[in-house]
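Structure, as structure tokens:
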Amino acid sequence: MDLSPWKSQLRKGAAELAVLATLERKESYGVELLERIQSIGGLALSDGSIYPLLNRLQKDGKIRGRWVEDPDATHPRKYYALTAEGRELLAEMIAEWARFEAGMREVLGEKVSDVNA
């Protein structure tokens, strides 16, 4: 059975949480943020998905962007950081993720333990 569509939906659902959690640690520009998230197993995001997400989060006031001249780059880079609203959203999402994970562990029971062994 091809799990690709299901895995894609899992990633899509977790993308916003991953972006916010990553930006909580450090202000980042788009490619740096994308590479940091991609380096973590199972969280494959693309240029085509991260930039629309960053634009939406900025429009919604959850992150702010600022252009920075970078002497090591050929053009200015847009750095993103969480706003106070973004931090609140992240806290709510983490709490919801914990409830979701606990529920799924209960539903799956021993199956999760078997995979991790």
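Couple of notes before you dig in:
- A Förster radius of 25 Å, combined with the Cβ-Cβ distance separating Trp97 from Arg77, puts the computed FRET efficiency at roughly 0.25.
- Start at zero, step by 5 Å, and the Cα-Cα distances of the chain spread as 2, 10, 17, 20, 19, 12, 8, 6, 3, 2, 0 percent across the bins.
- Across Arg36, Arg64, Arg105, mean-square fluctuation computed from a Gaussian network of the chain (C-alpha pairs under 10 Å connected) peaks at Arg105.
- Protection proxy ranking for 15-24, 88-97, using the average of other Cβ atoms within 10 Å per residue and placing the highest first: 15-24, 88-97.
- One chain, two ends: Arg25 and Ser49. Fully extended at 0.36 nm per residue, the span grows by 6.5 nm beyond their Cα-Cα distance.
- Percentage relative contact order, the chain, counting C-alpha pairs under 8 Å, at least six apart: 24
- The modelled label-to-label distance for the pair Asp70/Gln38, using points 7 Å beyond Cα in the direction of Cβ, is 1.4 nm.
- Within the accessible area of the range 4-116 (1.4 Å probe), percent carbon and sulfur: 55
The values are calculated or read from the model by the stated rules, or taken from the named source; none is laboratory data. As the structure is a prediction and not an experimental result, all values here were calculated from the model. As a convention, Cβ positions derive from the backbone with ideal geometry for all residues, glycine included, and neighbour counts pool all protein chains shown. Each accessible area value is taken on the protein alone, full model and side chains, heavy atoms only, with ligands, DNA and RNA left out. Shrake-Rupley method; radii C 1.70, N 1.55, O 1.52, S 1.80 Å.
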